[in-house]
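The values are calculated or read from the model by the stated rules, or taken from the named source; none is laboratory data. Only a predicted model underlies this, so the values are computations on that prediction, with no experimental measurement involved. FYI the Cβ positions are ideal-geometry reconstructions off the backbone, even for glycines, and counts take in every protein chain you see.
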Amino acid sequence: MGMACSLRYLGVFIALLCIPFAASADGMGQPATTTYEKVTVMQAHTAWEKAGNTPNPAVFVDVRTALEYASGHIPGAVNISIQSLAKRMRDVPRDGDVYVYCEAGGRASRAADMLANAGYTNIKLVPKSMRGWRAAHYPIEK
């Protein structure tokens, strides 16, 4: 009985050792790589100002809830909440830069990860998000 118990624990131990490799992007222990650029609120504002004058204008995606979006957002931004992003990824353009923001940056960071993992290469994360936009006194639409 003692030997069977020891073998069971050994099997569990070996299985636990394999978890980090199985959960990685390549199965070899390497984390999933996400590629997106972090930009300042000022850089995002500059892109927003130029959006009407370029062939592939920048798109701003607000990943907050509809209620938060209605309380004030970057003018012209599209609202795709973080909760619905996986189902609405087709609504995010692959041409032109896509600026992702939320209220303080946490949800935007998760959204940028999701988009990068889905193969988007044009993602710009605005870490300061709406808090930074408001603090800079940039235009807000309701």
Review point. What number of residues in the stretch 73-99 are in contact with an Asp or Glu (Cβ under 8 Å, 6 or more places away or on another chain) and loosely packed, with under 15 Cβ neighbours inside 10 Å?
Key: 2
Check your understanding: Do we find a residue being acidic (Asp, Glu) and not in a loop (DSSP other than H, G, I, E, B) anywhere in the stretch 37-55?
Key -> yes
Review point. Which is more than 16 Å from THR35 (Cα to Cα), surrounded by 14 or more Cβ atoms within 10 Å (Cβ to Cβ) and more than 17 Å from the chain's Cα centre (by Cα), of ALA51, ALA58?
Key: ALA51
Point to revise | Pick from the stretch 100-121, criterion in contact with a helix residue (DSSP H, G or I) (Cβ under 9 Å, 6 or more places away or on another chain) and assigned to a loop (DSSP other than H, G, I, E, B), ranking: surrounded by the most Cβ atoms within 10 Å (Cβ to Cβ) | key: CYS102
Review point. Among the residues of the stretch 56-73 satisfying the criterion of being modelled with pLDDT of 95 or more, assigned to a loop (DSSP other than H, G, I, E, B) and out of contact with any helix residue (DSSP H, G or I) (no Cβ under 8 Å at 6 or more places or on another chain), which is farthest from ALA116 (Cα to Cα)?
Key: SER71
